[in-house]
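Written out below as C-alpha cells is the structure these notes cover.
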C-alpha cells in the first residue's frame, strides 16, 4: 500500500473531498516526521510506537572490495507494533 491508497481510503470511508483527504493524510505524516526529527517518540495507541535510536560509529567492510570502511554515527527509525496490532494481524 502506498500513500495514494491511504488517501483514497480516507476519501471513501470518511466522505471528505479528495483534496481534504490528501491534506489530512499529508498533514498526519508531516506531524509524525517533525516530531521524530525533534527526537520525540510517537505513540499511536492500538497501532504502535515510532522512535529514534542512535547508532555509534563503527568499522564495516565494503562487500565489493573487502576494504574496511568507517560507518559514521547515525539515527535509525524503530517501529514497535502494539499488542493489539499483533493480535489483529495474527487472528
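What to note about this one:
- Helix axis angle, 18-37 relative to the chain longest principal axis, alpha carbon, degrees: 30 degrees
- If the segment from residue 49 to residue 82 were pulled out straight at 0.36 nm per residue, it would be longer than the present Cα-Cα gap by 11.1 nm.
- The computed Cα extents along the principal axes in Å for the structure shown corresponds, within [x] 56, 32, 28; [y] 97, 20, 19; [z] 54, 34, 23, to [x].
- Overall form of segment 41-91 per C-alpha gyration tensor (a/c, 1.5; a/b vs b/c): oblate
- GNM result for the chain, Cα springs below 10 Å: residue of 31, 76, 42 fluctuating most strongly: 76
- Approximating the spin labels as points 7 Å out from Cα along Cα→Cβ, the residue 91-to-residue 24 distance works out to 2.5 nm.
- Each residue, residue 42 and residue 70, gets one label point 7 Å from its Cα in the Cβ direction; the gap between the two is 3.3 nm.
Where a number appears in this text, it was derived from the coordinates with a stated rule and is not lab data. Remember, predicted model here, so these are calculated numbers, not experimental data. Heads up, the Cβs are rebuilt from the backbone with ideal geometry, glycines too, and the neighbour counts pull from every protein chain shown.
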